[in-house]
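Computed from the coordinates by the stated procedures, all read-outs in this text should not be read as laboratory data. What you see is a predicted model, and the numbers here were worked out from it, not measured in a lab. Cβ sites come from the backbone with ideal geometry, for glycine too, and all protein chains shown count toward neighbours.
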């Protein structure tokens, strides 16, 4: 597809922004409907959100608390995209497809660890201080 056709397909200016927003909404709906892990992490984020206002020691600390929750959701969405692509290619075992899924899972684990570290430190500081 040449560049001119690609521009027509994606739209220009404000139309492109609305088209991108519509695609994002479709993505959010799909990940919420199809991915149990995303729903669990979203629930965790929604439960922790009110506590962030209580335990944050500063605006920067509050931003860190919220940022790691958003990062977790972002990484889970990317992991889900990798899994969907891998399954589209083949549901049969293949070493490289398995590796791709494992790497995505590792990224989610790192994001969860970041949530635990940032929230753990903030919670400790709140109760210790």
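List of remarks:
- Against the main long axis of the alpha-carbon atoms of the chain, helix 13-34 sits at an angle near 70°.
- Most mobile listed residue (72, 12, 117) in the chain, GNM with C-alpha springs under 10 Å: 12
- FRET efficiency estimate (nearest 0.05) - Cβ-Cβ, residue 117 to residue 57, R0 22 angstrom: 0.90
- 0 to 90° range, to nearest 10: angle between helix 59-89 axis and the chain longest Cα axis: 30
- Of the residues 51, 93, the one with the fewest other Cβ atoms within 10 Å heads the list, and the complete ranking is 93, 51.
- At R0 = 22 Å, FRET efficiency that the Cβ-Cβ distance of residue 32 and residue 10 yields, to 0.05: 0.35
- Calculated FRET efficiency for the pair residue 22/residue 84, C-beta based, R₀ 22 Å, to 0.05: 0.70
- Normalised by residue number, the volume inside the convex hull of the Cα atoms of the chain is 150 Å³ per residue.
- Counting only DSSP H runs of at least 4 residues, each contributing -39500 (n - 2.57), and dividing by the residue count of the chain, the helix-based mean residue ellipticity at 222 nm comes to -31500 deg cm²/dmol.
- Crossing angle, helix 95-128 versus the chain [Cα axis fit, 0-90 degrees, rounded to tens]: 30
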